[in-house]
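J.: Just passing along the structure, written as structure tokens.
Each value in this text was obtained by applying a stated rule to the coordinates, not by laboratory testing. Given the structure is predicted, the values throughout are model-derived calculations rather than measurements. With ideal geometry, Cβ positions are generated from the backbone for all residues, glycine too; neighbour counts draw on all protein chains shown.
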Amino acid sequence: MKIYFVNLPSDGKLRLNNAMLGTIQVCESMGHVTTVFDADSNKALNPNLLKIDLRRQIDWDVVMIDKIETKHQLAKEYVKVIKMMRPEAVIIGTEDYTNPIKESETIINFKEVNVFIDGFAEVIMPGLLDIVFNQRFDQTKGTVYLYNGAVERVPFTDETVDPFYFPIPSYDSVNMIIYLNSMCEPLGDYKKAQKRVMNVLWTRGKYRALPERAVEQASALRNMYAIDEIIIDDPDFLDSPSWVKQFLKVWNDNSLYRYMSFIIKTVSWPVDDGLLWNLKESGCRRIEIGIGVGVEFNADVIHGVVDLLRRNLIQEWDITFKLDSVATARDLASFCKHENIKCKTIIPTSVITEANLQLLGLQNLLDQGKFDDVISYNLVA
């Protein structure tokens, strides 16, 4: 079959859609023909470029579109164009190729979409493609669809997941030069030298790649694109210390610590000194920690975290908070000053007035003009 993937724009800095590229690799291994309309790298905030691309493309059997929930309105505009220009194509929707569709209302609002993938797309897609034309979606686990106006779900089950089944993403399906140029960073004090950076994703919801597969992907990026550093997008890299220890062993056995550094994110804390030291020795350059999110600021807890990081000589780190009052913001600002930590503000709450922000010395937050329901701070090393 001929499958057309639409990668909608995301917010913030351009990041590689690893789960989509993994799904493409699965489809190509089955003998299907694929292409990607990368609206993200093109920053196509309306379907005009899509119309141009579809006019010069062959007739596609299947069209796959993502960010159905997070980019709901934009996705609807794209789906409308796809249906108008390729009325015979089967349209498959997903949020991020990884997680289930949260709201049944989403399914109802996208009547043009024939079926939605409700989880781990790389595992679900082969079975779905086998029955996509007779549209017996009830025969494939991990699908959601409308039937006689009602939302039907066929649950995704654990026994369908092979822990080895994390394919190396199909990197050549997108323009990697655009992603590399977007993510590269200055190398030391040399303005013209660039560190080549790329993001990876080794989790799909609650499922995780084997450490050997994760290292294989990192090695592929090093060999194919001379990547110097990877940003690991797993939301909680340290949630399984045993997995992390095995990953570090395989990473070091393959000598990647000599050529590559990495950045991780975690909400699992505290972490023992030994594991932190192993991370540092293996090339972990930065840790992004979500702590105190949605709870009251606790200086003692944060002091312990900061002390542990400094003791293990982690080069860079930041700690993210979500705060809901001016008083808590003052406590955090005072703590940062006492600990000699730079406080970088992210999002102010609507209850924080300009006068209060200026009082706290958070003028940069005003300059960003970002107002939302929560206030979030990063403590940056």
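J.: Which of the GluC sites (Glu not before Pro) found in the range 30-129 are loop residues per DSSP with 15 or fewer other Cβ atoms within 10 Å of their Cβ?
T.: Filter output for the range 30-129: E88, E103, E112.
J.: Now for a separate question. Loop-only chymotrypsin sites (Phe, Trp or Tyr not before Pro) in the range 70-178, please: DSSP not H, G, I, E or B, and at most 10 other Cβ atoms within 10 Å. It would help to have the intermediate numbers written out before the result.
T.: Numbers: sites: Y78, Y97, F110, F116, F120, F133, F137, Y145, Y147, F156, F164, Y165, Y171; in loops: Y97, F110, F120, F133, F156, F164, Y165.
Those satisfying the criteria are F164.
J.: Test of understanding: ordering T266, T94 by Cβ neighbours within 10 Å, fewest first, what list do you get? Let's see the in-between values first.
T.: Working: T266 19, T94 28.
Result, fewest neighbours first: T266, T94.
J.: Explain nothing, just compute: Karplus ³J(HN,Hα) = 6.51 cos²θ - 1.76 cosθ + 1.60, θ = phi - 60°, for every residue of the range 235-248 in order, whole Hz, x for Gly and Pro.
T.: Running phi through 6.51 cos²θ - 1.76 cosθ + 1.60 with θ = phi - 60° gives x, 9, 4, 9, 5, 10, x, 5, 5, 4, 4, 5, 4, 5 Hz.
J.: Continuing with the same structure: List the aspartates and glutamates whose Cα lies under 18 Å from the Cα of K195, skipping any in the same chain that are fewer than 8 positions away.
T.: Cα-Cα hits under 18 Å: E185, D228, E229, E316.
J.: Looking at W60, I108, L50, which one has the Cα that reaches farthest to the positive end of the dipole of the range 28-122 (charges on Cβ: Lys, Arg +1; Asp, Glu -1)?
T.: Of the candidates, L50 comes out farthest on the positive side.
J.: Given an 8 Å cut-off on Cα distances and at least 6 residues of separation, report the relative contact order of the range 3-79 as a percent.
T.: 47 percent
J.: Here's another thing I want to ask about it. Before anything else, pin down the relative contact order of the range 2-160: Cα pairs under 8 Å, at least 6 apart, normalised by residue count, whole percent. Can you show the working numbers first?
T.: Details: 261 pairs, mean separation 32.3, N = 159.
The normalised contact order for the range 2-160 reaches 20 percent.
J.: Exposure proxy check: W243, W277, W317 ranked by fewest other beta carbons within 10 Å? Before the final figure, lay out each step's value.
T.: Working: W243 17, W277 14, W317 23.
Fewest-to-most ranking of W243, W277, W317: W277, W243, W317.
J.: Lysines near K337 by alpha-carbon distance under 21 Å, same-chain residues fewer than 8 away left out - which ones?
T.: Those lysines meeting the cut-off are K322.
J.: Count the net charge of all other residues whose Cβ sits under 13 Å from the Cβ of D40, scoring Lys and Arg as +1 and Asp and Glu as -1.
T.: Counting the neighbours of D40, the net charge comes to +1.
J.: For the pairs K102/K141; K206/K249; K13/K141; K80/K206; K43/K280, flag any whose C-alpha to C-alpha distance is greater than 25 Å.
T.: K13/K141; K80/K206; K43/K280
J.: In addition: Take K102 and L45, extend 7 Å from each Cα along the Cα→Cβ direction, and tell me the distance between the two endpoints in nm.
T.: Computed distance between label sites K102 and L45 equals 2.3 nm.
J.: Any idea what diffusion coefficient the range 2-160 gets from Stokes-Einstein, in µm²/s, Kirkwood Rh on alpha carbon pairs, 37 °C, 0.692 mPa s?
T.: 210 µm²/s
J.: Same structure, new question: For T70, T157, T143, T106, which order do you get if you count the other beta carbons within 10 Å of each Cβ and list the fewest first?
T.: Fewest to most other Cβ atoms nearby, the residues stand as T157, T70, T106, T143.
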